[in-house]
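Note sheet for the following structure.
The values are calculated or read from the model by the stated rules, or taken from the named source; none is laboratory data. What you see is a predicted model, and the numbers here were worked out from it, not measured in a lab. All Cβ positions, glycine included, derive from the backbone under ideal geometry; neighbour counts span all protein chains shown.
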Amino acid sequence: MKQKIINSFILFIFLFIGLSLFKLQVIQQRIYKYLSSKNSIRLLPQFGARGKILDRNGSVIIGNYLSYDVLVLPQEEAQINRTIYNVSRILNITSDRLKDKFKSDYIAPSIPVVIAQNIDFKQAIALEEARLESPGIIIQPHPLRDYPYGSLASHVIGYLGEIDRWRLTKLADYGYKTKDIVGFGGIEEKYDYYLRQEEGALSVEVDHQGKFIRTLGYRPPKNGKDIQLTLDLNIQEIAENNLRGHIGSVILMAPDTGEIIAMASYPDFNPEVFIKDSPSRGGLFNDPKAPLLNRAISGVYPPGSVFKSVVAAAGLETGKINLSSTFLCTGSIYIGNQEFSCWDTHGQQGLLQALAHSCNIFFYKTGLLLGAEQIHYYAVKFGLGRTCGIDLPYESSGIVPSPLWKRLHRFKGWYAGDTVNFAIGQGDLLVTPLQMTRMMAVFANSGMLVTPYIVKAIDGEDISIYQKKAQRLPLKDSTVDYIRSGLRRVVSEPTGTARVLSGLKVDVAGKTGTAQVSRGQPHAWFVGFFPFKNPKFVICVFLEHGGSAAASCSLARQIIEEICKRGLI
């Protein structure tokens, strides 16, 4: 009886094994055949090149060069170890480091793993030869960003990096995925969708040792679209070379169209450190001088006396002052029991003299006649307190204060002292250098408020026609003409605050500003345009804690001189 039970049990086991084999080999044959075929198929990514970035004349600012990545096919552990050892020996990288890279980036048996990137051509050749004994090695060509001019226009261009969680959440629906390389800041971020390439794939069949058998399919990659900017590479270089060593920004813009001809910010950075394993990359984020900040569009500062141009326009438009109006400058005035000073004693001053000499007393009194609300109204009309709409990310809007604003944000009342400070561009008023450039363009182009832009064409198609049209401000022609005349006197008069800009090959007009700050030296401004009669450029030179407007005027002179010397005007 006992023997029968044992025999029955053994028979049951053999019957179970037989049925299982039948199920695997007959019933589920197709499923396992499909899985087996998948184990023998490898998908090799094929990389296209990111779109190039060109200047207005077609010169390449940012291009691409051919790099090489090392991929390893997932195999048996012994074979993997042998393959990694060979790669380690040629690249002079420790095996442990390569193994860690393999383990961290492993996804599936059918997907090769990148264990080294951006190797040079000689190393790529050596690894190709090593494939004879380590067939699991794949050398994958990979276009990478090329920066022939180093840090030139770095704030306009931006840099590249691996997509972060915030961007992935926003862009997943547009085909972005984990580990994608995307733009951060500048054109690289704003126009990433156009610049990014479309990845292709090569499907190959391999044997159990990972040796190539045949190609099964190929989908070619697509390069990104080229983007042409309004920048002039030569003028951009002039602006950056002269700004280097200062903290601040320089902008040159076409007054009639809003095309940005040059936009420099310093300190700058070399975008190349973000595509290479550079130890200096981390320091860029912690540097107190903020080299990643585009001061031209993201930094906000008090404009100082440059703002007097807006107050002059408000005074003329409202009839509070005219060309015959004069005020006596004795060096200071009292508002209540508080003294407000001028930087000099100018005597009797009319509007044109007050602009030329940057007389605070004249504008204190004009500001009191206007009142804070009128000054606020005209400041907003000139585009302050809101972004200019340039096609770059992270533009700041600045602040144009008012009695209501102060009540809501400072929880304080507005006093006459606030009005006189406001009238000379001090107090809570904050602007960007781009806003000041746009404001000055109104006097250069006879009353039009333009929208600055920096992209001229995408993939050869001119998109400048889609830029917002210039808006005519509600200013009388006489208002613009009077202020233009005063801005010219700033340079042409022997006592003008920008007289250092006289005697150039082109006539310059503009306004200086020395903006007081709570800590450190004052900020230095010069914002103007040239040639005076037929302006081709608006120029803004801003030096953070530059000391006085004289420093900005000297820098502006150097830039204009070099532009003329090179025949770029």
Six or more apart or on different chains, Cβ under 7 Å: which pairs go from a residue in region 248-269 that's aromatic (F, W, Y) to one that's in a strand (DSSP E or B) and buried (at least 24 other Cβ atoms within 10 Å of the Cβ)? Could you list them?
Y266/G248
Could we say that I41 is at pLDDT 70 or above, outside the structural domain of Y191 (by TED's automatic domain parsing) and under 30 Å from G224 (Cβ atoms) here?
yes
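If you scan region 324-343, which residues turn out to be in contact with a Ser or Thr (Cβ under 9 Å, 6 or more places away or on another chain), over 16 Å from G417 (Cα atoms) and not polar (S, T, N, Q)? Show your work before the answer.
Going through region 324-343, the residues in contact with a Ser or Thr (Cβ under 9 Å, 6 or more places away or on another chain) turn out to be 325, 327, 329-333, 335, 339-343.
Checking the rest, the ones that are also over 16 Å from G417 (Cα atoms) come to 325, 327, 329-331, 343.
The answer is F327, C329, G331, W343.
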Tell me whether region 233-255 contains one or more residues that are aliphatic (A, V, I, L, M) and over 30 Å from S59 (Cα atoms).
no
Is it fair to say Q353 is touching a residue at least 40 places away in the same chain (Cβ under 8 Å), in the same structural domain as M448 (by TED's automatic domain parsing), within 18 Å of F422 (Cβ to Cβ) and of a type in the set (S, T, N, Q)?
no
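From the list G367, G417, G350, which one is more than 30 Å from Q467 (Cβ to Cβ) and either β-branched (V, I, T) or surrounded by fewer than 17 Cβ atoms within 10 Å (Cβ to Cβ) (or both)?
Values: G367 fails: either β-branched (V, I, T) or surrounded by fewer than 17 Cβ atoms within 10 Å (Cβ to Cβ) (or both); G350 fails: either β-branched (V, I, T) or surrounded by fewer than 17 Cβ atoms within 10 Å (Cβ to Cβ) (or both).
Only one candidate qualifies: G417.
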Can you tell me which residue within region 342-378, out of those that are more than 14 Å from I424 (Cα to Cα) and not in a helix (DSSP H, G or I), is nearest to the chain's Cα centre (by Cα)?
D344
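Which members of region 489-511 meet the condition of being closer than 23 Å to I569 by Cα and buried (at least 24 other Cβ atoms within 10 Å of the Cβ)?
If the condition is that a residue be closer than 23 Å to I569 by Cα and buried (at least 24 other Cβ atoms within 10 Å of the Cβ), then V490, V491, A498, L501, V508, A509, G510, K511 are the ones that fit.
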Which one is farthest from V538 (Cα to Cα) among residues in region 426-447 that are in contact with a Leu (Cβ under 7 Å, 6 or more places away or on another chain) and not in a helix (DSSP H, G or I)?
V431
Just one of the numbered conditions (1) surrounded by fewer than 21 Cβ atoms within 10 Å (Cβ to Cβ); (2) free of Cβ contacts under 8 Å to residues at least 60 places away in the same chain is not true of E317; which one?
(2)
Looking at region 44-60, I want the residues that are in the same structural domain as L71 (by TED's automatic domain parsing) and without any contact (Cβ under 8 Å) to a residue 12 or more places away in the chain and have a partner that is surrounded by 20 or more Cβ atoms within 10 Å (Cβ to Cβ) and small (G, A, S) with Cβ atoms under 7 Å, at least 6 apart or on another chain. Which pairs are those?
none
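Would you check if there is a residue in region 184-199 being at pLDDT below 85 and assigned by TED's automatic domain parsing to the domain that holds R56? Spell out the reasoning first.
Pass one, region 184-199, residues at pLDDT below 85: 199.
Narrowing the set further to residues that are assigned by TED's automatic domain parsing to the domain that holds R56 leaves 199.
Within region 184-199, one or more residues are at pLDDT below 85 and assigned by TED's automatic domain parsing to the domain that holds R56.
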Quickly run through region 449-470 and pick out the residues that are crowded, with 17+ Cβ neighbours inside 10 Å and closer than 16 Å to G51 by Cα.
V455, K456, A457
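Between F532, F526, which is over 15 Å from G503 (Cα atoms), in the same structural domain as G496 (by TED's automatic domain parsing) and among the aromatic types (F, W, Y)? Even if it seems obvious, please write down each step before you answer.
Details: F532 fails: over 15 Å from G503 (Cα atoms).
On inspection, the qualifying residue turns out to be F526.
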Just name the residue that is nearest to the chain's Cα centre (by Cα) out of those in region 390-414 that are aliphatic (A, V, I, L, M) and surrounded by 16 or more Cβ atoms within 10 Å (Cβ to Cβ).
L392
How many residues does region 367-401 hold that are closer than 19 Å to P474 by Cβ and polar (S, T, N, Q)?
1
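Name the single residue that is farthest from Y364 (Cα to Cα) among those in region 280-289 being in contact with a helix residue (DSSP H, G or I) (Cβ under 9 Å, 6 or more places away or on another chain) and either at pLDDT 90 or above or not polar (S, T, N, Q) (or both). So that I can check it myself, show each step before the final result.
Quick first cut of region 280-289, residues in contact with a helix residue (DSSP H, G or I) (Cβ under 9 Å, 6 or more places away or on another chain) only: 280-281, 284.
Subsequent filtering for residues that are either at pLDDT 90 or above or not polar (S, T, N, Q) (or both) retains 281, 284.
Values: R281: 48, L284: 42 Å.
In this case the residue turns out to be R281.
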Subset tally (residues that are of a type in the set (A, V, I, L, M, F, W, C) and touching a His at 6+ places or on another chain (Cβ under 8 Å)) for region 325-348:
1
Cβ-Cβ under 6 Å, sequence separation 6+ or interchain: first residue in region 166-183 and aliphatic (A, V, I, L, M), partner surrounded by 10 or more Cβ atoms within 10 Å (Cβ to Cβ). Which pairs?
I181/L160; V182/I163; V182/D192
